[in-house]
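Once you've had a glance at the structure underneath, I'll fire off some questions.
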Amino acid sequence: MPKGRPMNIVSSVRTGWHHACVTLACLVLVGCAVPARLGENDRARVAGRTFVVTGASSGLGRGAAIRLAEYGGNVVLAARRAAVLEQLADQLRAAGGQALVVPTDVSRPEEVQHLAAMAMSRFGRIDAWINDAAVAAIGPFEQVPVEDHARVVDVNLKGTLFGSYAALRQFRRQGFGTLVNVASVEGRIPLAYHASYAATKAAILALDAALIQELRIRGSTGIQVASVLPWALDTPFWDHAANYSGGTPRIASMDDPAPTVNAVVWAAIHPAKEVAPGFKAQAALLGDQLWPGLAERLAAGVVHRSQIETAPPAPPTSGSLYIPLAIGTTVEGGARARMAEEDRNRQPIPR
Ligand SMILES: NC(=O)c1ccc[n+]([C@@H]2O[C@H](COP(=O)([O-])OP(=O)(O)OC[C@H]3O[C@@H](n4cnc5c(N)ncnc54)[C@H](OP(=O)(O)O)[C@@H]3O)[C@@H](O)[C@H]2O)c1
């Protein structure tokens, strides 16, 4: 629209509805197309193929690695906690799967390069590369140490960029491959007190969109890029996050991670641009198209109340930003149970 000429309100509403309908159609086609359980055809797409998974020691990445191995995939497990990955690899091998452990800090490009080289030397090809590793820093923007914000960018954005780079260079050499980058609903609807985290997730969506255009222009039909936009999940993420909010990490309406694990696996074997798993993610993204900014305002109020005003006190911590923590080695994190317990013990507010 030319600068200085106000858009006619009717055409603005029409444009809004048009965008919303297109978004809804895309989400219905992609988000809802993810089945609750993967079928025999999906298993066939996994069996014998090679999947690199970063962030495989806990949460979503661990869940995806387990599922891929169950379906007969060769899984290359990457994260910093080598012993946790070795235990997971033993478990996957005992169940008949193939697993390779490559301890990796994704913020270091040479380690990501090494990860790709190890996957190739063991399995000879990479069918899909899942960039799942991430960290977060919770708290008022200027109260989080600035180096912690920078570390979030190093792990989440640079780590995803290094992984995408290694994957796409290999995909070009072999002529096929699927890159799955785990973003977040927060990439579109950023939450207060998650500033640097949300910024990295928005940047990942922009990275993926640009890569998709490059692949389209160059006619690289065998290579796909998919972004996954999960809703808040009950994984060890909340135990691993740096936290300077003054209260225990909290978020309303967290989901069980299992359907999102499914969606990550699905995205690795079905070409799709964006996958927003579950009704809440889809409704939030649609609402954001219909009423831009409203979801952010509503969420900010909820987060401020739950994270800043009413959360039980917690000391400042840099979480697993720099050094991995021993806690949090499962898929499900127990955050919902912890928050319920905190709510039960909450002192009534004096009137
Ligand atoms: N949980 C949620 O509410 C939520 C919502 C939307 C999106 N997501 C996204 O889902 C993905 C998985 O998170 P999650 O919920 O499963 O949390 P998680 O359990 O904390 O998993 C994060 C993984 O990243 C790894 N990691 C952290 N720093 C790393 C580094 N420098 N190098 C390599 N690996 C590193 C961790 O392993 P090590 O510590 O062993 O390195 C761990 O395996 C992330 O991209 C997250 O942003 C989560």
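The values are calculated or read from the model by the stated rules, or taken from the named source; none is laboratory data. Model, not experiment: these values are computed from the prediction. For neighbour counting, all protein chains shown are included, and Cβ atoms are generated from backbone atoms with ideal geometry for every residue, glycine included.
Among the helices (runs of 4 or more DSSP H) contained in the stretch 136-241, which hold 2 or more residues that are more than 16 Å from the ligand (Cβ to nearest atom) and either at positive phi or touching a helix residue (DSSP H, G or I) at 6+ places or on another chain (Cβ under 9 Å) (or both)?
Here the list reads 159-174, 195-217.
Within the stretch 268-305, can you find the residues that are of a type in the set (Lys, Arg), touching a residue at least 24 places away in the same chain (Cβ under 8 Å) and within 24 Å of residue 193 (Cα to Cα)?
280
Another question, if that's okay. Give the stretch 114-135 a look and list any residue that's part of a helix (DSSP H, G or I) and either crowded, with 16+ Cβ neighbours inside 10 Å or within 14 Å of the ligand (Cβ to nearest atom) (or both), or say none.
Result: 114, 115, 116, 118, 119, 120, 123.
Restricting the search to the stretch 246-295, which residues are surrounded by fewer than 24 Cβ atoms within 10 Å (Cβ to Cβ), within 30 Å of residue 149 (Cβ to Cβ) and touching a Pro at 6+ places or on another chain (Cβ under 7 Å)?
246, 247, 248, 278
Let me ask something additional. May I ask you to verify whether residue 334 is buried (at least 21 other Cβ atoms within 10 Å of the Cβ) and modelled with pLDDT of 95 or more?
Here the answer is no, as residue 334 does not meet what is asked.
Next question. Give the residue that is surrounded by the fewest Cβ atoms within 10 Å (Cβ to Cβ), with candidates limited to residues of the stretch 47-97 that are assigned to a strand (DSSP E or B) and within 16 Å of the ligand (Cβ to nearest atom).
Among those that are assigned to a strand (DSSP E or B) and within 16 Å of the ligand (Cβ to nearest atom), it is 54.
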